[in-house]
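These notes concern the structure reproduced below.
The values are calculated or read from the model by the stated rules, or taken from the named source; none is laboratory data. The model shown is predicted, which means the values in this text are computed figures rather than measured ones. Virtual Cβ from ideal backbone geometry, glycine too; neighbours counted across all protein chains shown.
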Amino acid sequence: MGDEQLISALTDATRSEAMAAADRLALVAEVTARQCEDEDDVVAHQVIDGWAFAKAQVSAACNLSPHAASTQMRIGVALRERLPRTAALFGCGAVSARVIGEITWRTHLVTDEDALALIDAAIAAEATEYGALSEAALIRAVDLWVEKFDPIAVIRSKAAAKDLYVEFDDRDDPNGVCSFWGRLRATDKAAVQQRLNDLADTVCANDPRTVRERRADALGALGIVGPSLQRLACRCGDPGCAGSGKDPRSTAVNIYMLADQVPGADARPTPQTGPGPTGEPGPEGPEPEPEPAPGPDGSERPAAQTPTPAESYPTPAVDPAAHVPFNSRPVGTLPGAGVGVMLDGTVIPAAMLADLIATGAKVRPLREVADLPTERQYRPSAALTAFVRMCSQTCSFPGCSKPAHRCDLDHVIPWPAGATHPGN
């Protein structure tokens, strides 16, 4: 294939990709219409209304999260019902899915039908040139027509963009930490900043952390303890320091592990110097059945889920992510040793896991599947509940990543026909 043929093939593939996306969104819009168009007032006000039902169908069919499915539904419905001329360009492959997503979003506040028709026509006349624009330039190009024909929509859009918010997690975050950002009122910012600075100054001069690190730790501790927090746990290492003691951020964490890998009561937590952490469940030994400690609001606080090694082994003996019988592989041959996994899938590195144990995290045994008999009652025991949630980690519905500890726990085959057992 020559250079010209290569570029021609790339152009055709790009157009075909856009056409396929248009066809898929048209199907998404049809699914949405069938569930929502015939709704009466009673159905529309139910917890599971037509939109929620369609969202579940689209999520499962397209292997998307519920939020992503809802976004696709919004775009598909906008093309079908609000922007027919722009949709026609998309169907011909002349406009990319990225451009379509921005157009539908920047016009979603337009409610006047005459103004919307004028905006659709104006955008369709030049949308083929939008693909090469930057995101900011694309927004300006669409907003130009929205402001020309429906200036009230631009005002509403700018007002909505100034709403206060806090967001968590960035895809580039290293394991064990997360970014967060947002927008606060200036007065709220001043109060939060002063509170964090005050807490950061409560440790002694030998604490090795920087002021920025102490402020981050103070924010986490405030989330655990609440407004009654008076000082940070000091990291100077001096047992006589007024700030020494267990860190409340760690004591709120439960670490689940295999019962046959519980370290002995005489094992002492040590700093991370090797490939895996060591720690102790407490002088009284591991508790017989896991029961997560409640947080400040009464909800369970999920912990890093990990096997913890016996003192004689440098690394744990099981893979926390493996969905196989726990005793199916010999000790020392499993990958992922020493790494924890939270219920939402967040990976906790071995060094951080060891630090959590050393500063007060609770270590709880997780029974093996062979030790969990079929239960007669409908509601599973605490041991069975912990086992199922630790193994599943997230909701079992396709595309849903909701943490298992926030989901309803029920039988696959309805009880009493279906047993109360890990397999059901």
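What single numbered condition from (1) over 29 Å from the mean Cα position of the chain (by Cα); (2) surrounded by 14 or more Cβ atoms within 10 Å (Cβ to Cβ) fails to hold for D114?
Condition not satisfied by D114: (2).
Considering only segment 365-389, how many residues are at pLDDT 80 or above, surrounded by 14 or more Cβ atoms within 10 Å (Cβ to Cβ) and not small (G, A, S)?
Residues that pass the stated criteria total 7.
Only one of these conditions is not met by D38: (1) under 26 Å from the mean Cα position of the chain (by Cα); (2) more than 27 Å from K402 (Cα to Cα); (3) not hydrophobic (A, V, I, L, M, F, W, C). Which number is it?
Exception for D38: condition (1).
Using the structure shown, decide if A354 is at pLDDT 75 or above, under 18 Å from Y256 (Cβ atoms) and among the hydrophobic types (A, V, I, L, M, F, W, C).
Spelling it out, A354 is indeed at pLDDT 75 or above, under 18 Å from Y256 (Cβ atoms) and among the hydrophobic types (A, V, I, L, M, F, W, C).
Restricting attention to segment 48-65, which residues are surrounded by fewer than 18 Cβ atoms within 10 Å (Cβ to Cβ), part of a loop (DSSP other than H, G, I, E, B) and among the hydrophobic types (A, V, I, L, M, F, W, C)?
I48
The rows are residues; the columns are (1) surrounded by 10 or more Cβ atoms within 10 Å (Cβ to Cβ); (2) of a type in the set (A, V, I, L, M); (3) part of a helix (DSSP H, G or I).
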site: E147; (1), (2), (3): yes, no, yes
site: V203; (1), (2), (3): yes, yes, no
site: R215; (1), (2), (3): yes, no, yes
site: L222; (1), (2), (3): yes, yes, yes
site: P227; (1), (2), (3): no, no, no
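Working carefully through the options A94, A68, A87, find the one that is in a helix (DSSP H, G or I) and over 21 Å from C395 (Cα atoms).
A87
With the condition kept exactly as written, say whether any residue in segment 331-341 is of a type outside the set (S, T, Y) and at pLDDT 80 or above. Working first, answer last.
Start the filter on segment 331-341 by keeping residues that are of a type outside the set (S, T, Y), which leaves 331-332, 334-341.
Right, trim to at pLDDT 80 or above and you get none.
No - not one qualifying residue is present in segment 331-341.
Of the residues C62, C36, which single one is farther than 28 Å from E113 by Cα and not aliphatic (A, V, I, L, M)?
On the way: C36 fails: farther than 28 Å from E113 by Cα.
Result: C62 is the single residue among C62, C36 that is farther than 28 Å from E113 by Cα and not aliphatic (A, V, I, L, M).
Filter segment 348-378 down to residues that are part of a strand (DSSP E or B) and either under 30 Å from D173 (Cα atoms) or under 30 Å from the mean Cα position of the chain (by Cα) (or both), then give me how many there are. Before you say what the answer is, go through the steps one by one.
Applying the first criterion (part of a strand (DSSP E or B)) to segment 348-378 yields 348, 362-366, 375.
Now drop any that are not either under 30 Å from D173 (Cα atoms) or under 30 Å from the mean Cα position of the chain (by Cα) (or both), which leaves 348, 362-366.
Of the residues in segment 348-378, 6 are part of a strand (DSSP E or B) and either under 30 Å from D173 (Cα atoms) or under 30 Å from the mean Cα position of the chain (by Cα) (or both).
For segment 97-137, give me each residue that is part of a loop (DSSP other than H, G, I, E, B) and modelled with pLDDT of 95 or more.
Within segment 97-137, no residue meets the criteria.
Does I100 qualify as being touching a Phe, Trp or Tyr at 6+ places or on another chain (Cβ under 7 Å) and within 30 Å of A136 (Cβ to Cβ)?
Yes: the conditions hold for I100.
Kindly indicate which of L79, L133, L109, L138 is without any contact (Cβ under 8 Å) to a residue 60 or more places away in the chain and farther than 20 Å from R15 by Cα.
After applying the criteria, what remains is L109.
For (1) of a type outside the set (V, I, T); (2) in the same structural domain as E81 (by TED's automatic domain parsing); (3) at negative phi; (4) modelled with pLDDT under 95, each residue gets a yes or a no:
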{"site": "A21", "(1), (2), (3), (4)": "yes, yes, yes, no"}
{"site": "L25", "(1), (2), (3), (4)": "yes, yes, yes, no"}
{"site": "V28", "(1), (2), (3), (4)": "no, yes, yes, no"}
{"site": "T32", "(1), (2), (3), (4)": "no, yes, yes, yes"}
{"site": "V43", "(1), (2), (3), (4)": "no, yes, yes, yes"}
{"site": "Q46", "(1), (2), (3), (4)": "yes, yes, yes, yes"}
{"site": "G50", "(1), (2), (3), (4)": "yes, yes, yes, yes"}
